[in-house]
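Inspection log for the structure reproduced underneath, given as structure tokens.
The values are calculated or read from the model by the stated rules, or taken from the named source; none is laboratory data. Keep in mind that what you see is a predicted model, and the values were worked out from it rather than measured. With ideal geometry, Cβ positions are generated from the backbone for all residues, glycine too; neighbour counts draw on all protein chains shown.
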Amino acid sequence: MRLYQGKTNVEIAQFLNDSKLTVRKDEDSEYKVVKMNKARLGELFEDPFYFGLYRYGDNLANLTDIYGFLPLMTPDEYIELNHKTAMSFGKQYAGASVQAKRLEYGLLRGKVICDFCDNVMQFQHQKMAKGKTKGMWVISYYCRNKECIRHNEAEAVKQFGKKLGKSVRAKFVMAHIEWTLRHCTKKSKKAYQLHIDKLQSRLAQDKAIAKRKMSEAKQDLRKN
């Protein structure tokens with residue numbers, strides 16, 4: 001209902017209540033009618049058990065490999081059902097919340113990439129309530145990947161000597177775009193050289209990202 005019909009958690013909870021959803025703790029226990037609500041349904045969708053992943057502390061087990069477990073959803077469906085994981089994997093969130101609808105539009109939405117974890121940064125805007133800028137809007141891009149170094153203050157200080165902002169103001173992104181358009185659209189050797197330098201810089205960045213991902217993959221392989 002949520003993935004393919006765009007229903008909200010409230011609508012799904014109401015459907016389950018109208019259908020008299022029942023549960024039991026053990027195989028020999030009696031069934032009891034459950035009262036579902038938005039929060040309880042959200043917790044159900046966040047449980048990875050339903051696609052076959054059992055989590056106990058820091059330990060993870062794939063039930064489909066160990067026991068031939070029959071999952072109720074695929075890992076991809078689980079990712080799309082949960083806002084945080086969907087953002088982390090760069091997938092479209094399947095929810096229909098008011099916030100998600102409000103952010104359907106947005107300046108360069110889905111096109112600003114975090115330079116530390118390579119994930120899409122979320123477009124967000126906030127109306128100023130005080131001071132000289134009262135009534136104006138502040139537009140920024142926020143990295144929601146909790147594994148990113150932006151959210152790890154200790155590691156950021158260790159690597160860069162300071163904490164990193166979890167978001168970047170749109171005015172800085174716009175300034176760079178304006179500079180690029182102004183300097184790289186002239187028919188001159190300097191403009192071409194600027195473009196070549198940018199390509200070389202991008203290639204170096206891509207190489208560094210690939211190297212980092214390879215290192216992470218090797219660490220995961222050793223851990224597994």
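Based on what the data block shows, is Val173 assigned to a helix (DSSP H, G or I) and in contact (Cβ under 8 Å) with a residue 24 or more places away in the chain?
Values: assigned to a helix (DSSP H, G or I): yes; in contact (Cβ under 8 Å) with a residue 24 or more places away in the chain: yes.
For Val173, the condition - assigned to a helix (DSSP H, G or I) and in contact (Cβ under 8 Å) with a residue 24 or more places away in the chain - is met.
Of all residues in region 19-77, which are in a helix (DSSP H, G or I), farther than 16 Å from Asn9 by Cβ and either out of contact with any helix residue (DSSP H, G or I) (no Cβ under 6 Å at 6 or more places or on another chain) or aromatic (Phe, Trp, Tyr) (or both)?
Answer for region 19-77, where residues must be in a helix (DSSP H, G or I), farther than 16 Å from Asn9 by Cβ and either out of contact with any helix residue (DSSP H, G or I) (no Cβ under 6 Å at 6 or more places or on another chain) or aromatic (Phe, Trp, Tyr) (or both): Pro48, Phe49, Phe51, Leu63, Thr64, Asp65, Ile66, Asp76.
Tell me, yes or no, whether region 177-186 has at least one residue that is within 25 Å of Ile79 (Cα to Cα) and either at pLDDT 90 or above or in a helix (DSSP H, G or I) (or both).
no
Check whether at least one residue in region 78-88 is part of a loop (DSSP other than H, G, I, E, B), modelled with pLDDT under 85 and either among the small types (Gly, Ala, Ser) or out of contact with any Leu (no Cβ under 8 Å at 6 or more places or on another chain) (or both), and report yes or no.
Yes, some residue in region 78-88 is part of a loop (DSSP other than H, G, I, E, B), modelled with pLDDT under 85 and either among the small types (Gly, Ala, Ser) or out of contact with any Leu (no Cβ under 8 Å at 6 or more places or on another chain) (or both).
Looking only at region 17-33, how many residues end up being over 37 Å from the mean Cα position of the chain (by Cα) and either within 17 Å of Leu44 (Cα to Cα) or surrounded by 10 or more Cβ atoms within 10 Å (Cβ to Cβ) (or both)?
1
Among residues belonging to region 49-62 that are surrounded by fewer than 16 Cβ atoms within 10 Å (Cβ to Cβ) and not hydroxyl-bearing (Ser, Thr, Tyr), point out the one that is farthest from Asp220 (Cα to Cα).
Phe49
What are the residue pairs meeting all of these: first residue in region 192-221, first residue closer than 17 Å to Ile177 by Cα, second residue in a helix (DSSP H, G or I), Cβ atoms under 6 Å, and 6 or more apart or on different chains?
Final answer for the pair search is Leu194/His183.
Every residue in region 144-170 that is outside any loop (DSSP other than H, G, I, E, B) and either in contact with a strand residue (DSSP E or B) (Cβ under 7 Å, 6 or more places away or on another chain) or small (Gly, Ala, Ser) (or both), please.
If the condition is that a residue be outside any loop (DSSP other than H, G, I, E, B) and either in contact with a strand residue (DSSP E or B) (Cβ under 7 Å, 6 or more places away or on another chain) or small (Gly, Ala, Ser) (or both), then Ala154, Ala156, Ser167, Val168, Arg169, Ala170 are the ones that fit.
With the requirement that a residue be within 28 Å of Gln122 (Cβ to Cβ) and hydrophobic (A, V, I, L, M, F, W, C), what does region 200-224 give you?
Leu203, Ala204, Ala208, Ile209, Ala210, Met214, Ala217 - these are the residues of region 200-224 that are within 28 Å of Gln122 (Cβ to Cβ) and hydrophobic (A, V, I, L, M, F, W, C).
Results for (1) of a type in the set (A, V, I, L, M); (2) surrounded by 12 or more Cβ atoms within 10 Å (Cβ to Cβ), shown as yes or no for each residue.
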| residue | (1), (2) |
| --- | --- |
| Gln126 | no, no |
| Ala129 | yes, no |
| Trp137 | no, no |
| Lys158 | no, no |
| Lys162 | no, no |
| Gly165 | no, yes |
| Val168 | yes, yes |
| Phe172 | no, no |
| Ala175 | yes, no |
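Considering every residue within region 205-215, establish whether at least one is under 27 Å from Leu107 (Cα atoms) and either exposed (fewer than 13 other Cβ atoms within 10 Å of the Cβ) or touching a Leu at 6+ places or on another chain (Cβ under 9 Å) (or both).
Yes; the residues of region 205-215 include at least one that is under 27 Å from Leu107 (Cα atoms) and either exposed (fewer than 13 other Cβ atoms within 10 Å of the Cβ) or touching a Leu at 6+ places or on another chain (Cβ under 9 Å) (or both).
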